[in-house]
1. Can you tell me which residue within region 202-259, out of those that are among the hydrophobic types (A, V, I, L, M, F, W, C) and over 25 Å from H99 (Cβ atoms), is surrounded by the most Cβ atoms within 10 Å (Cβ to Cβ)?
2. With respect to A121, is the statement that it is in contact with a Leu (Cβ under 7 Å, 6 or more places away or on another chain), in contact (Cβ under 8 Å) with a residue 12 or more places away in the chain and buried (at least 24 other Cβ atoms within 10 Å of the Cβ) true?
3. Yes or no: A271 at pLDDT 95 or above, in a helix (DSSP H, G or I), within 30 Å of S97 (Cα to Cα) and outside the structural domain of I150 (by TED's automatic domain parsing)?
4. Just checking, does region 290-311 include any residue being under 24 Å from the mean Cα position of the chain (by Cα) and of a type in the set (S, T, Y)?
5. Can you tell me how many residues in region 193-219 are part of a helix (DSSP H, G or I), out of contact with any strand residue (DSSP E or B) (no Cβ under 8 Å at 6 or more places or on another chain) and either touching a residue at least 40 places away in the same chain (Cβ under 8 Å) or of a type in the set (D, E) (or both)?
6. Working only within region 405-444, note down all residues that are assigned to a loop (DSSP other than H, G, I, E, B), among the aliphatic types (A, V, I, L, M) and within 22 Å of F101 (Cα to Cα).
7. Among the residues of region 275-305, count how many are farther than 25 Å from F207 by Cα and outside any helix (DSSP H, G or I).
8. Please verify whether region 163-177 includes one or more residues that are surrounded by fewer than 24 Cβ atoms within 10 Å (Cβ to Cβ) and either assigned to a helix (DSSP H, G or I) or over 19 Å from the mean Cα position of the chain (by Cα) (or both).
Amino acid sequence: MARNTQVSADHHAPSVTRMLAELVAQHPSRGWSDAVDHAAHRTFLNWLGCAVGAAQHESVNAALAAVRMLQPAPQASVLGRTEKVDMASAALLNGISSHTFDFDDTHLKTIIHPAGPVASALLALAEHQGSSGRALIDALVLGIDVSCRIGNAMYPDHYDRGWHITGSTGSVGAAAGCARLLGLNVDQTAMALGIAASQPIGMREQFGSMTKPFHPGGAARAGLMSALLAQQGFTASPRALEAPRGMMQTISTKNDWSEITSELGERFEIAFNTFKPFACGIVVHPGIDGCAQLRAQGVRPEHIASLEIKVHSLVLELCGKKEPTDGLQAKFSIYHGCAAGLTFGCAGEDEFSDAVVTRADMVALRRKVVATVDDSIDEAAADITAVMQDGSRLHVRVEHAIGSLQNPMTDAQLEAKFHGLSDAVIGAARTKDLIQAAWRLGDAPHVQALIALSHS
């Protein structure tokens, strides 16, 4: 995940809005390898478990209460709950819940969480119009390809200036996926992308608050609405992405157009998606992994004088909260992540609960973590030394944390993660059936059976 600071904005950019519209509207169904199709099912499964798992969180309760003030028509389901709302609000709410635990998928090249905006919009639309599972999977692959290729072209400049790239690219990806699901032609799809291009969502200042998970939800709603507008003849600039005053050149000085055009329709970014074993910011994962390894070697919190961790500067920039006071803040604390890894050997949602974050022993252990910047270390790596009470030192270096492309979670591990999120919400038996329905989604005649399993 080395950072590329190339600046290549071009006032004579290729017509990427049109090119992406042609991909979305014209690419054949299941026009990719079995490996890509399996990656799509893994992506959907992981997103679904995260959305159901957070269904009763206070952020979802608050958002649902606000939506109800609009008196929405019951068009689509809120996952993990019995309520139905209009499909745009369902996209918003399921996008919020899927990102609330910060446990969702990550496209590591860009740090985009691609399923949140795209899958949330697609499932709401698919439920309302009775789409097949295959149509949804096709739209998921293509929608995520659009959002991640745009992200590839702008990262890291766009992210470094403060944009939450999941929301800013997600609105366009959600529009692309919904345009596909609606069966829009190339011209209509280009308009959907163009409308969404005027709705980039999310600033990094919001990390650690409820508004961070609002970003993928807001992007899902914006993308769905963009596709519905385009279907009805609403227009946008046909060069809304690439024009000098279009979305991409306005919100990023780096625009590597080849990231969009190269192998378009042949390489699919969903194949590079990864899944989190730890419920927090992705850059904290190598530290947690290393501390869990130290625990497996017999190191315990009471044995250590300090934990010395060397990380890339981005880790402290994103996750440098030394004294988090609740679970949301702790998800952006390398100090809490390392303390959890050493104390529990894991860092799921329970380890980021408010009760654990405020425990006296966790506060004391966090204060023993000494994090320093070493930019010779990759963003996806960490160098950890446990300094023991007797003065001895134990060292672990993590180059590729569990969950990375090089060390991916297995299907069985994804299922176990799903159970850990969903069992308490809808029960273990129903969770097991929901997992199997997600694996078989590409062959399902409609999505209603899967949605029915998502309620308690």
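The values are calculated or read from the model by the stated rules, or taken from the named source; none is laboratory data. None of these values were measured; they are calculated from a predicted model. Cβ atoms come from the backbone with ideal geometry, glycine included; neighbour counts cover every protein chain shown.
1. A230
2. So A121 fits the description; yes.
3. No; evaluated as a whole, the condition is false for this residue.
4. no
5. Number satisfying all stated conditions: 14.
6. Within region 405-444, L405, M409 meet the criteria.
7. 6
8. Within region 163-177, none of the residues are surrounded by fewer than 24 Cβ atoms within 10 Å (Cβ to Cβ) and either assigned to a helix (DSSP H, G or I) or over 19 Å from the mean Cα position of the chain (by Cα) (or both).
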